[in-house]
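Only the coordinates and a few stated rules stand behind these numbers; no lab work does. This one's a predicted model, so the numbers in the text were calculated from it and none came from an experiment. Cβ placement follows ideal geometry from the backbone for every residue including glycine, while neighbour counts extend to all protein chains displayed.
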Amino acid sequence: MSKLSIRKHSLLAAAIGTVLVFGAISQVNAQTAQQRADERRAQKGAQKGQSAKAEEQYPQATRQSPETKATSKGGAKLQKMMKLYDDEKGADARAVADEIIANPASNAYEHAFAAQIGAQIAYDADDTATAMAYLNKAIEFNGLDNNGHYGAMFMLAQLQLQEDQYAESLKTFDRFFAETKSQKPEQLVLKGNVLYRLERYPEAAAVLKQAIDASPEPKAEWQQLLMATYAESGQAGEAVKIAEGLAAKNPADKRAQLNLAAVYQQNDMLDKAAVVLEKLRASGQLTDDKEYRQLYATYLNMDGKEKEAAKVITEGLEKGVLKPDYQVYLAMAQSYYFSDQVAPAIDAYKKAAPLAPDGEAYLNLARVLWQEDRIPEAKEAAKQAIAKGVKKPDDAKKILALPAK
């Protein structure tokens, strides 16, 4: 029985399982205290007949900002609501907002402003569904100036993205960009994120590239997302180019280095991936179970690197970083076996086999034991293989039928 009868388990190829990591770029742009102050100044100014407009954020918008402002009676209600909100009495402020929204005598501005504040209160309370409902109302009432109106629309799109409502988010973003004509990179990149989530990779790449090209200092996470988009769409060269650029620019950024290794692995550039990961290991930066698995799996998918894989696994176990499970022990067994270290391979198979979901590890153990003339142990392992189930039980039965040597 030759070594060819013992093959590397397929899970080792899957163990690379590299996933590109990019930073969170869907932070919800909720209304800030300054924005609320601007709204209040504008409201008070309107009541006094003064001009107190905030800077126009969407000068190219197709929508004409409505001139309607709060009435004397409605303004008093809004002031009461805002006083309660500023005093951190959110529930009471929301109750007043609901009264304003439900009052048919309230005008469009009062309705919309109350809905906008209701959304902020719900968002502050982590009630995303209610916040989105209020934002929809604020948009439908159509009473805010463009800053407030499109601020509510943009926040709604982000919340929909946050809640994995990708189709709805894209629809909201499409309306936002169609009406505002905005070309702001920090806004475009969020639409690119939605398109990525929808697996519309060519469109995502186009929008993300537009955002990055338009920004004097594009954020690393934007470029990481574009890199992931290229990788998913099969544009390996572009993905590698971005990954190498980010890694070179940020040599101390562990995530950038891991992403570079992942891109190399996805494009069968395993030797380069191993170099990157080994540098991280040498500097003590491999601190996570999956990172050690990524490195040993890389070696096991390369010709003649089984000995290196065994060293990585041993180190990971000794440091307590690698979890001693079936996959790790099986990888260790195969690393030793295919680097001509039979005795430790047998020990590793003995640890892997009881943890395995089937009897394949027991069957490989039986084969190795038979090759080493340890017939009684080989037969016992073959029995265990049959008991746990194997794809080819006849192979185990042949070992059971072998005469003692």
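Over the chain, what is the relative contact order in percent, taking alpha-carbon pairs closer than 8 angstrom and at least six residues apart?
Over the chain, the number comes to 12 percent.
Mind giving me the FRET efficiency for residue 127 and residue 397? R0 is 56 Å, r the Cβ-Cβ distance, nearest 0.05 is fine. Walk me through the intermediate numbers first.
Numbers: r = 63 Å, r/R0 = 1.13.
That gives a FRET efficiency of 0.35.
Tell me which lysines have Cα within less than 20 Å of residue 73's Cα, excluding those fewer than 8 residues away on the same chain?
44, 48, 83
How far is the Cα center of the stretch 108-177 from the Cα center of the stretch 264-281, in Å?
44 Å
For the stretch 317-359, compute Rh as the Kirkwood radius over C-alpha pairs and then the Stokes-Einstein diffusion coefficient at 37 °C and 0.692 mPa s; write the answer in µm²/s, rounded to an integer.
In µm²/s, the coefficient rounds to 316.
Projecting each Cα onto the charge dipole of the chain (Lys/Arg +1, Asp/Glu -1 at the beta carbon, about the Cα centre), which of 149, 210, 60 comes out farthest on the positive side?
Towards the positive end, the residue furthest out is 210.
With a cut-off of at most 14 other beta carbons within 10 Å, and DSSP calling the residue loop, which trypsin sites (Lys or Arg not before Pro) in the stretch 133-204 qualify? Please list them.
Within the stretch 133-204, the qualifying trypsin sites (Lys or Arg not before Pro) (loop, at most 14 other Cβ atoms within 10 Å) are 181.
Add -39500 (n - 2.57) for each DSSP H run of 4 or more in the chain, then divide by its residues: what number comes out at 222 nm, to the nearest 500 deg cm²/dmol?
Rounded to the nearest 500, it is -21500 deg cm²/dmol.
Roughly how many nanometres apart are two label points built 7 Å out from the Cα toward the Cβ at residue 244 and residue 288?
If labels sit at residue 244 and residue 288, their model points lie 2.5 nm apart.
Anything over 22 Å Cα to Cα? Flag those among 305/379; 184/209; 184/219, in the order listed.
Violating the 22 Å limit, Cα to Cα: 305/379.
What is the dipole size for the chain, taken about its Cα centre, with +1 at each Lys and Arg Cβ and -1 at each Asp and Glu Cβ, in debye to the nearest 20? Could you put the intermediate results ahead of the total?
Details: 53 positive and 54 negative charges, 103 e Å.
With only Lys, Arg, Asp and Glu charged at Cβ, the dipole is about 500 debye.
Roughly how far apart, in whole Å, are the Cα centres of the stretch 305-321 and the stretch 181-254?
About 35 Å separates the Cα centre of the stretch 305-321 from the one of the stretch 181-254.
Give me D for the stretch 178-260 in µm² s⁻¹, whole number, from Stokes-Einstein with Rh from the Kirkwood sum over alpha-carbon pairs, 10 °C and 1.306 mPa s.
This corresponds to a translational diffusion coefficient of 123 µm²/s.
Using θ = phi - 60° and the Karplus curve 6.51 cos²θ - 1.76 cosθ + 1.60, what whole-Hz ³J(HN,Hα) does each residue of the stretch 253-258 get, with Gly and Pro shown as x?
After applying 6.51 cos²θ - 1.76 cosθ + 1.60, I find 8, 4, 4, 5, 5, 5 Hz.
For residue 171, go through the aspartates and glutamates and keep the ones whose alpha-carbon is under 16 Å away, minus same-chain ones fewer than eight residues off.
Qualifying aspartates and glutamates at Cα under 16 Å: 140, 163, 179, 199, 203.
Can you pull the Kirkwood radius for the chain, inverse mean 1/r over Cα pairs, to one decimal in Å?
Over the chain, the inverse of the mean reciprocal pair distance is 25.7 Å.
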